[in-house]
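Colleague: Would you mind keeping the following structure in view while I ask a few things?
The values are calculated or read from the model by the stated rules, or taken from the named source; none is laboratory data. A quick note: this is a predicted structure, and the numbers were derived from the prediction, not measured. Virtual Cβ from ideal backbone geometry, glycine too; neighbours counted across all protein chains shown. Each accessible area value is taken on the protein alone, full model and side chains, heavy atoms only, with ligands, DNA and RNA left out. Shrake-Rupley method; radii C 1.70, N 1.55, O 1.52, S 1.80 Å.
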Amino acid sequence: MTKIEITGGVPLQGEVWISGAKNAVLPILVGSLLGDAPSRISNVPHLQDVTTTMELLGRMGAELSMHDSMQIEIDPRGMNHYEAPYDLVKTMRASILVLGPLVARYGRARVSLPGGCAIGSRPVDLHLHGLQALGAKVEVRNGNIEARADRLKGARVIMETVTVTGTENILMAATLAQGTTIIENAAQEPEVVDLANFLISMGARIEGAGSNTITVEGVDNMHGTDYSVLPDRIETGTYLVGCAMTGGNVRCTHTSPGHLDAVLDKLSEAGAEISIGEDWIEMDMRGRRPRSVDITTAPYPAFPTDMQAQFTALNSIADGTGVITETVFENRFMHVQELQRLGADIRLKGNTAIVQGVSRLTGAPIMATDLRASASLVLAGLVADGVTTVDRVYHIDRGYENIEEKLSALGARIRRTDSAAG
Ligand code: UD1
């Protein structure tokens, strides 16, 4: 079983290159199915979720080729199978994103219904209601979502809750619908904007992405394009929290500082000195222990739920008491019990974690439970005395490119180990 082993105690120092955003590249790869010709996507991160998406598109008949290490070409012209099967959906819930493009472009889709997951029940009802509003016939049968439509028709779609992939699914479906679609209470995440820009570069007519109302004028067909994926704000934030926890000095390059306002505000409050350029962020903790910060997660532009676990880890070694309130997902505190194994003092009360900072954590074997929780455990290992081993690292590989190489380059004592004994 592969594990990550960390010996704590080294402040992170140096420069780290930020990869393309996982949550942007997945819908963009899928969105390329809407075109009549191949698209080339660059700044693609090497992640397990990207590999899973490529397998999914390949099984449907799309032809994929890697041009250089970070560019993928997708040719949708051979598409002949319009299904996302359970064996892929259960490893990556974002597979649901094929639903909108398949129905819009090919008139039908069968997508296995995602089940529960470690961070809550995560329903997809709003994806289905949105497609129905555009005229698709949607049924759930034998564990699959089956959707059909001759041609989707533009409509007003009001999202009851702000949903990122739900907004993306309806946005993609609307591009080829007949007439105008207005998506209200749309997600405003930068990854939604990146997808919209990608679709516009394929010939879609979209206005308002980045606000809570997106208007799509349907077109008859879309072409291929060349597109570079935006940098990963969550990866950026994760390395900055690592810097804050270890009292280090880190410069993140090839990133997008403007997408991190809520996170940078909290890091400043924790005592970090931050400077920003067009595509870089430099942070200096000057060897100091961070101060505790209170966090409440909510949709963009508020504080991202995908940074909650990392700030829980930060608060566990900070000076003072920090209150973390999770409003986006139920049950997203799986990392708390693992942090407690390292000596963290955290009390859970419903959707709130009250974290009393301790002066030191001590290394122990711990288990990753989901993607961002696993990152928080690695961060905790960077400051814990002695050795921390993180098991089930496949969660990390879904969303962090070369995490141990990048942290090693910043001076961390971290390595991947394989032990037959598990
Ligand atoms: C996306 C991100 C994930 C991030 C999350 C919230 C991707 C691939 N994943 O996930 O990293 O943590 O946004 O920023 O982009 N909901 C419903 N019905 C639905 C859909 C969602 O009730 O049909 C609820 C969810 O249970 C949750 C909330 O809406 O409570 C937000 O979830 P959503 O934005 O949909 O998350 P994802 O798009 O799955």
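Colleague: Using the Karplus curve 6.51 cos²θ - 1.76 cosθ + 1.60 with θ = phi - 60°, what ³J(HN,Hα) values do you get for each residue of region 202-214, in whole Hz, with x for Gly and Pro?
Modeller: Residue by residue, region 202-214 yields 8, x, 6, 10, 10, 10, x, 4, x, 10, 8, 10, 10 Hz.
Colleague: In addition: Which trypsin sites (Lys or Arg not before Pro) in region 258-314 sit in a loop by DSSP (not H, G, I, E or B) and have at most 13 other Cβ atoms within 10 Å of their own Cβ?
Modeller: 286
Colleague: Once amide H atoms are placed 1.01 Å from N in the peptide plane, what residues at a sequence separation of 5 or more from residue 364, or on another chain, have their amide H within under 5 Å of its amide H?
Modeller: Residues meeting the criterion, in which the H sits 1.01 Å from N, are 388, 389.
Colleague: Another question, then. Go through region 36-129 and name the GluC sites (Glu not before Pro) that are in a DSSP coil and have 13 or fewer other Cβ atoms within 10 Å of their Cβ.
Modeller: none
Colleague: For the ranges 27-35, 241-249, what's the packing order if you count other beta-carbon atoms within 10 Å of each residue, average per peptide, and put the highest first?
Modeller: The peptides rank, most packed first, as 27-35, 241-249.
Colleague: Put +1 on the Cβ of every Lys and Arg and -1 on every Asp and Glu Cβ in region 226-363; which of 298, 346, 244 then has its Cα farthest towards the positive end of the dipole?
Modeller: 346
Colleague: Can you list which of the DSSP-assigned H helices in the chain have a Cα extent of 18 Å or more along the long axis and an average Kyte-Doolittle score of at least 0.5?
Modeller: Those that pass (Cα extent of 18 Å or more, hydropathy at least 0.5) are 371-383.
Colleague: May I ask for the distance between the Cα centers of region 259-316 and region 388-412, given as a whole number of Å?
Modeller: Taking the Cα centre of region 388-412 as reference, the centre of region 259-316 is 20 Å away.
Colleague: When the accessible area of the chain is split by element with a 1.4 Å probe, what percent falls to carbon and sulfur?
Modeller: Answer for the chain: carbon and sulfur cover 46 percent of the accessible area.
Colleague: Heavy-atom accessible area per residue, the chain, 1.4 Å probe: how many Å²?
Modeller: With the other protein chains kept in place, the chain gives 38 Å² per residue.
Colleague: Give the long-range amide H neighbours of residue 158: residues separated by 5 or more places, or on another chain, with amide H under 5 Å away, using H modelled in the peptide plane at 1.01 Å from N.
Modeller: HN-HN under 5 Å from residue 158: 184.
Colleague: A follow-up question, please. Do the sum for the chain: with -39,500 (n - 2.57) for every DSSP H run of n ≥ 4, divided by all residues, what is the mean residue ellipticity at 222 nm, to the nearest 500 deg cm²/dmol?
Modeller: Values: 14 runs with 131 residues, N = 422.
Computed ellipticity for the chain at 222 nm equals -9000 deg cm²/dmol.
Colleague: For the cross-link pairs 349/406; 3/90; 22/137, which exceed 32 Å when the distance is taken from alpha carbon to alpha carbon? Intermediate values should be presented prior to the final figure.
Modeller: Details: 349/406 35 Å; 3/90 22 Å; 22/137 30 Å.
Going by Cα-Cα distance, 349/406 fall outside the 32 Å limit.
Colleague: Once the mean 1/r over all distinct Cα pairs of the chain is inverted, what Kirkwood radius in angstroms do you read off?
Modeller: Across the chain, the inverse of the average 1/r is 21.9 Å.
Colleague: While we're here: Suppose every K and R has +1 on its Cβ and every D and E has -1 on its Cβ; what is the size of the dipole of region 208-329 about the Cα centre, in Debye to the nearest 20?
Modeller: So the dipole magnitude of region 208-329 works out to roughly 600 debye.
Colleague: Once both labels are modelled 7 Å past Cα along the beta-carbon direction, what's the residue 415-residue 349 spacing in nm?
Modeller: 4.5
Colleague: Within region 97-173, report the GluC sites (Glu not before Pro) that DSSP leaves as loop and that have at most 13 other Cβ atoms within 10 Å.
Modeller: Answer in residue order: 160.
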